[in-house]
1. Output the peptides 84-90, 48-54 sorted from most to least packed, where packing is the average of other Cβ atoms within 10 Å over each peptide's residues.
2. Using alpha carbons only, what's the Rg to Rh ratio of segment 1-42 with Rh from Kirkwood?
3. Per the helix-only calculation at 222 nm, which mean residue ellipticity applies to the chain, given -39500 (n - 2.57) for every DSSP H run of n ≥ 4 and division by its residues, nearest 500 deg cm²/dmol?
4. Roughly how many Å is it from the Cα centre of segment 1-58 to that of segment 76-120, as a whole number?
5. Which entry is the computed Rg and Dmax of the Cα atoms in Å for this structure: (i) 29.0, 89; (ii) 13.6, 48; (iii) 17.9, 56?
Amino acid sequence: MAHAAINFEEKLARIAEQWSPKVVAQLNDYHFKLVKLQGDFVWHSHPDTDEAFLVLAGEMFVDFRDGPARVGPGELLVVPRGVEHKPRAEEECHALLVEPAGTPNTGDAGGERTVENPDWI
């Protein structure tokens, strides 16, 4: 087995579309997903799991029913399971998501933006 570090910039260069997470690694039952964000996403929650957002470049907000949280470069935000939220970014933002394998990006909301089985890059 060859061992090599994962280069986020190289992987992000392969992502063309917004809000379409791509898996770059797996740790036990967890996926590490890179995503490019810009604009508004959908209100949703993940009833069975927490979700982590680590911003690599740019700035994003996660709206909660009681107000937004800002997440800047090098910052991490964990959204607890069952908490309704809506990610958004005014300008393009690059983030690393950490969540259990098989977790759809739209959680319990479903819809046309759902990516249930993201591609590996």
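Only the coordinates and a few stated rules stand behind these numbers; no lab work does. Quick caveat, the model's predicted, so the values are computed rather than measured. Virtual Cβ from ideal backbone geometry, glycine too; neighbours counted across all protein chains shown.
1. Ranked by mean Cβ neighbours within 10 Å, highest first: 84-90, 48-54.
2. Ratio of gyration radius to Kirkwood radius: 1.04.
3. Counting only the DSSP helices, I get -1000 deg cm²/dmol.
4. 9 Å
5. Working out Rg and Dmax of the Cα atoms in Å from the coordinates points to (ii).
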